[in-house]
Amino acid sequence: MMRVVTFEIGPNPPPRLDKALARDVPEAEALSRSRLGKLLEAGAITLDGVVARDPRFKVAAGACVAVTIEEAAESHIGPEDIPLDVVHEDADLIVVNKPAGMVVHPAPGTPSGTLVNALIHHCGADLSGVGGMKRPGIVHRIDKETTGLLVVAKSDAAHRGLAAQFADHSVKRRYMALCYGVPDSNDPRVRGVRGVSFEPGNILKVQSFLGRHRTDRQRQAVSFDSGRHAVTRVRVVERFGQPAVLALVECWLETGRTHQIRVHMAHVGHSLVGDPVYGGRRKLSEKLLGQAPVAAVAGFARQALHAASLGFQHPLTGEEIEFTAELPPDFAALITKLPRLD
């Protein structure tokens, strides 16, 4: 099934055709600049009846545009009846509380059993199409063994609006984590770590670039001369042990890079409990923590990291909305087994 969208180029158009199209295409069509670029390449756009293919073409005001669009096709990713913890859902987006062990998107090593498979089954006909395909629009991810909140677009318009908010870092994301040691502004070792500073309220700020590790391509690494800019802030919520050897911390992201919290916490010497990649297996003192708590920490089989809150502007209504998710049972149970600092 095909449909044709027609409109005129408005006054003072941008110098490039692709930018002019993105500016003047009816907002209700939710056609992003990248989608329009693909349609140009496919010969699906005409100007005054002539096929246009060059995105750099200088178009004149008043030109009549016709865009031929193929209705959204079914996704090649199969639906799977996997239970979902749905926190919020409307016609344009869905917020879910992801469990540990679930991958967000199919990949060569995990072709099924993912959040996307579950969403395709759950949403069914409600998926209006993202990028010309009936599929959920993934705008951010959390690691397989990390739990917590994710927002996913169900329409092109929502996908474009959410992606823009993640790109300009206006989305509010807070995580809870259990780390080794206690990040503190009075610790000269932490203050001496490159990229570290402290803000009022004993807020730890870590600022660096993040990129692929030079020898292990599955890992990310801190850099100060190349990679993607990354900023993490950390606040201590609770201390455990006599004296404290573990801390429950709240982390929030100014940027959202792969493994960002895990890498930054390891960089400052406070890696996360249970993190098998970034040094989360340390020997704890039974004298300071107790035999049962030490065993509980050693037996925690994943990184102790949970995406606890998520706030953003609804891309269609403009409403500011925020969602929270309690610690999952395994994380909460671990916390109850730890002795609080008096």
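Which of Met176, Met265, Met2 has the fewest other C-beta atoms within 10 Å, and how do the rest follow up to the most? Working shown, then result.
Details: Met176 22, Met265 29, Met2 8.
Fewest to most other Cβ atoms nearby, the residues stand as Met2, Met176, Met265.
Ratio of Rg to Rh for the chain, alpha carbon only, Kirkwood?
Values: Rg = 23.8 Å, Rh = 22.5 Å.
Rounded to two decimals, Rg over Rh is 1.06.
Take Glu238, Glu27, Glu145 and order them by how many other Cβ atoms sit within 10 Å, fewest up front. All intermediate terms of the calculation are to be shown ahead of the outcome.
On the way: Glu238 15, Glu27 9, Glu145 19.
Placing the least packed residue first, the sequence is Glu27, Glu238, Glu145.
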Under a crude label model (7 Å from the Cα following the beta-carbon direction), how far is Ser170 from Arg235 in nanometres? 2.3
Cβ-placed point charges (K, R +1; D, E -1), dipole of the chain about Cα centre in debye, nearest 20: 1680
Dipole magnitude of the stretch 109-266 about its Cα centre, charges +1 at Lys/Arg Cβ and -1 at Asp/Glu Cβ only, in debye to the nearest 20? 320
Rank these for me by crowding, Leu40, Leu93, going from fewest to most other beta carbons within 10 Å. Leu40, Leu93
How much mean residue ellipticity at 222 nm does the chain get from its helices, if each DSSP H run of length 4 or more adds -39500 (n - 2.57) and you divide by all residues, to the nearest 500 deg cm²/dmol? -5500 deg cm²/dmol
Residue (of Gln220, Gly161, Leu246) at the positive-pole extreme of the stretch 129-258, dipole from beta-carbon charges: Gly161
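Once fully extended, how much extra length lies between Phe57 and Ile321, figured as 0.36 nm per residue of separation less the alpha-carbon to alpha-carbon distance?
Values: separation 264, 0.36 × 264 = 95.04 nm, distance 4.05 nm.
So the chain would gain 91.0 nm between Phe57 and Ile321.
Go through the stretch 199-261 and name the trypsin sites (Lys or Arg not before Pro) that are in a DSSP coil and have 10 or fewer other Cβ atoms within 10 Å of their Cβ. Intermediate results must be reported in sequence, preceding the final value.
Details: sites: Lys205, Arg212, Arg214, Arg217, Arg219, Arg228, Arg233, Arg235, Arg239, Arg257; in loops: Arg214, Arg217, Arg219, Arg257.
Passing sites in the stretch 199-261 are Arg214, Arg217.
Report the charge-dipole magnitude of the stretch 227-342 in Debye, nearest 20, computed about the Cα centre from +1 at each Lys and Arg Cβ and -1 at each Asp and Glu Cβ. Before the final figure, lay out each step's value.
Numbers: 13 positive and 11 negative charges, 140 e Å.
So the dipole magnitude of the stretch 227-342 works out to roughly 680 debye.
Please state, rounded to one decimal and in Å, the Kirkwood hydrodynamic radius that the stretch 175-259 gives when every pair of distinct Cα atoms enters the mean of 1/r.
Roughly 13.9 Å, rounded to one decimal.
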Extension length gain for Arg214 and Asn12 (0.36 nm per residue less Cα distance), in nm, is 67.9 nm
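FYI, it's all coordinate maths here, none of it is from the lab. If you're wondering where the values come from, they're calculated on a predicted model, not measured in any experiment. With ideal geometry, Cβ positions are generated from the backbone for all residues, glycine too; neighbour counts draw on all protein chains shown.
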